[in-house]
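One structure coming up, written as structure tokens, with questions to follow.
The values are calculated or read from the model by the stated rules, or taken from the named source; none is laboratory data. What you are looking at is a predicted structure, and each value in this text was computed from that prediction instead of being measured. Note: ideal-geometry Cβ built from the backbone for every residue, glycine included; neighbour counts use all protein chains shown.
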Amino acid sequence: MEKLISKKILTKAMIKTVKVSEKGQIAIPRSVRENLGINKGDDLILLEVDNGILLEKTDKAEQMLKEDFKDILKLSEKSLKRIWDNKEDEIWNEYLR
């Protein structure tokens with residue numbers, strides 16, 4: 001069953017019910033695994049978010065992090081380039097020889 005939920009989190013979600021075993025384990029339904037490309041042996045990241053749980057494939061989470069931080073990395077590189085290319089600091093090159 002598809003249901004619309006908070007735009008902040010998702011626009012559409014597939015609602016499934018799972019039971020927690022005595023060991024605290026759950027099984028991800030086959031249809032969800034197939035839709036998301038989750039296969040045996042895949043690594044998942046479990047995040048506790050606002051009294052809930054979010055599972056992500058590690059490769060997808062890595063890509064999301066890279067996307068989220070790409071602007072910050074560019075700014076850092078530009079800032080460092082200004083520092084490293086500072087002509088006033090070239091005087092120290094004479095002492096390094």
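Residue by residue, here is whether (1) in contact with a Phe, Trp or Tyr (Cβ under 6 Å, 6 or more places away or on another chain); (2) at pLDDT 75 or above; (3) in a helix (DSSP H, G or I) holds:
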| position | (1), (2), (3) |
| --- | --- |
| Glu48 | no, yes, no |
| Leu55 | no, yes, no |
| Asp59 | no, yes, yes |
| Glu62 | no, no, yes |
| Ile72 | no, no, yes |
| Ile83 | no, no, yes |
| Ile91 | no, no, yes |
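Among the candidates Lys7, Lys66, Lys78, single out the residue that is among the charged types (D, E, K, R), modelled with pLDDT under 75 and assigned to a helix (DSSP H, G or I). Step through it out loud before you land on a result.
On the way: Lys7 fails: assigned to a helix (DSSP H, G or I); Lys66 fails: modelled with pLDDT under 75.
On inspection, the qualifying residue turns out to be Lys78.
What number of residues within the stretch 42-74 satisfy the criterion of being free of Cβ contacts under 8 Å to residues at least 24 places away in the same chain and in contact with a strand residue (DSSP E or B) (Cβ under 7 Å, 6 or more places away or on another chain)?
Residues of the stretch 42-74 that are free of Cβ contacts under 8 Å to residues at least 24 places away in the same chain, as a first pass: 42-54, 56-74.
Applying the additional criterion that residues be in contact with a strand residue (DSSP E or B) (Cβ under 7 Å, 6 or more places away or on another chain) yields 42, 44-47, 53-54, 56-58, 61.
Summing the residues that are free of Cβ contacts under 8 Å to residues at least 24 places away in the same chain and in contact with a strand residue (DSSP E or B) (Cβ under 7 Å, 6 or more places away or on another chain) in the stretch 42-74 gives 11.
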